Structure formats: C-alpha cells, structure tokens
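Structure, as structure tokens:
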Amino acid sequence: MINFKHKFVLIHVPKTGGSSFRYQLDQDSFEDKFKFGHASVKDHMDYLGEDYKEYFSFAIIRNPWDRLVSSFFYLQKGGSQGKYDLKMEKKLSKFKSFEDFICADSGLDSFLDEVHFKPQYAMLYEGEECLVDFVGKYEELQQSFDFVCEKLNLKKTTLAHKNKSTHEHYSNCYNDHTIKIVADKYSKDIVFFN
C-alpha cells in the first residue's frame, strides 16, 4: 500500500496483520492511495523510483512457525475466496494434514515461491540490507501500529483484527521433526528478525 498524501509505504507480508493495518489506515479516509497487494519492497521501489526515499516504509513480520500455520489453514479453507486463494486451496487439498504438508516431497519445498509461504526476508531485503525503515512484529502488533501512527503524526487507534484464520495454537501443530524443517526453511527470517 502506498499513500501519496501521507508519504508512507506498507509492505504487506501475508498473514502478519497487514490487513488490519490497511483496514485501519483506510478508516481514516486517506485519499491518494495505491493498493499494491503482497508486493515486495523492490516492487514498491521500482514503482516509486527515486521518490521511494521520501516515503516512510514499514512492514510487519511474524514468527515463521506461527505464520506458516496461519497461511496453511487460511488458504486450505479458500482464504478470501479470490482466484489466487481458491487455486491455493485446491493445491493444498492433497495434503492429509499440516504435518504432511511440511514433510511431503511435494509439500512445503514446492510452495516456498508462493507469496504466503515465501520467507519474509525475501520481501524486505536485498542481500543483507533491509530496505524498509521500520519492521514491526505481529506479536507486538498494536505497539507497532502505535509507532507507525506516531511517526506519521496520525491519531492512534485500536487495531481491528481482520482476515483471521481459524486453527489451534501454532505450537500444537508441530513436533520436533517439523520444528527443525521449518527452522531450516526459514533460517534467514529467524536470523534477520531475531
């Protein structure tokens, strides 16, 4: 999301609270905005060109084990019922369980280029350099939103939880083996975002 009036860029990493951010920012009737979907920071930079440097850029990231569970169950149930989400629902329907998805030969490995499963650093980094001004955490969503509002001189409000997926607590979805697989696949997220 690019807001031309208030000069900010939200890099919307899927399943990290970005829909809540976008909804709340839209509630303030901001005009002059461009919704970019789940585009990377590089896509935003290409779109804005040199003007990108004048914008406050931010993103929210999430614990990769939690995000993976949320993405899997959200898309397995058809997500927002859009064309992409329904395509993903069909692709995920072949897995008997979340564990099967992680461990199967045609499972997680074959989905890592899909935006909901792509490592988060790939959307925000070029090499070792983070290209956004602020990276908030899903686990501190309201505090991250408050920081963004303060930075942009906007009124602080309480975030509404939008686009929520339904599933048990993510920690109940893993065993020692699947924890290690996810740690390996998302090792850069773990390192870059602590």
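The values are calculated or read from the model by the stated rules, or taken from the named source; none is laboratory data. Worth saying up front: this structure is predicted, and the values here are computed from it rather than measured. Quick reminder, even Gly has a Cβ in these numbers, built from the backbone with ideal geometry, and neighbours come from all protein chains shown. Accessible surface areas use protein heavy atoms only, side chains included; no ligands, DNA or RNA. Shrake-Rupley method; radii C 1.70, N 1.55, O 1.52, S 1.80 Å.
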Checklist entry - If you go through the range 73-103, how many residues are in contact with a Gly (Cβ under 7 Å, 6 or more places away or on another chain) and among the polar types (S, T, N, Q)? => result 0
Checklist entry - Within the range 184-194, is there a residue that is surrounded by 13 or more Cβ atoms within 10 Å (Cβ to Cβ) and without any contact (Cβ under 8 Å) to a residue 60 or more places away in the chain? => result yes
Item to check | Flag for ASN172 being polar (S, T, N, Q) and on the phi > 0 side of the Ramachandran plot | outcome: no
Checklist outcome for this item: In the range 135-157, anything of a type in the set (Val, Ile, Thr) and at pLDDT below 95 is listed as VAL148, THR157
Checklist entry - If you go through the range 130-146 one residue at a time, do you hit one that is open to solvent by less than 30 Å² (accessible area, probe 1.4 Å) and over 27 Å from ILE2 (Cβ atoms)? => result no
Checklist entry - Going by the structure shown, is LEU48 assigned to a helix (DSSP H, G or I), in contact (Cβ under 8 Å) with a residue 40 or more places away in the chain and under 15 Å from the mean Cα position of the chain (by Cα)? => result no
Checklist entry - Looking only at helices (runs of 4 or more DSSP H) that fall completely inside the range 70-152, which ones have 1 or more residues that are farther than 18 Å from LYS185 by Cβ? => result 83-92, 141-151
Next on the checklist: Looking at the range 158-168, can you tell me whether even one residue there is within 16 Å of LEU68 (Cβ to Cβ) and at pLDDT 90 or above?
Outcome noted: no
Checklist entry - What are the residues in the range 49-64 that are buried (at least 18 other Cβ atoms within 10 Å of the Cβ) and either within 22 Å of ILE190 (Cα to Cα) or not hydroxyl-bearing (Ser, Thr, Tyr) (or both), if any? => result SER57, PHE58, ALA59, ILE60, ILE61, ARG62, ASN63, PRO64
Checklist outcome for this item: Scanning the range 87-109 residue by residue, the ones that are open to solvent by 70 Å² or more (accessible area, probe 1.4 Å) and free of Cβ contacts under 8 Å to residues at least 24 places away in the same chain total 7
Checklist entry - Could you list, in sequence order, the residues of the range 75-86 that are in contact (Cβ under 8 Å) with a residue 60 or more places away in the chain and of a type in the set (D, E, K, R)? => result LYS77
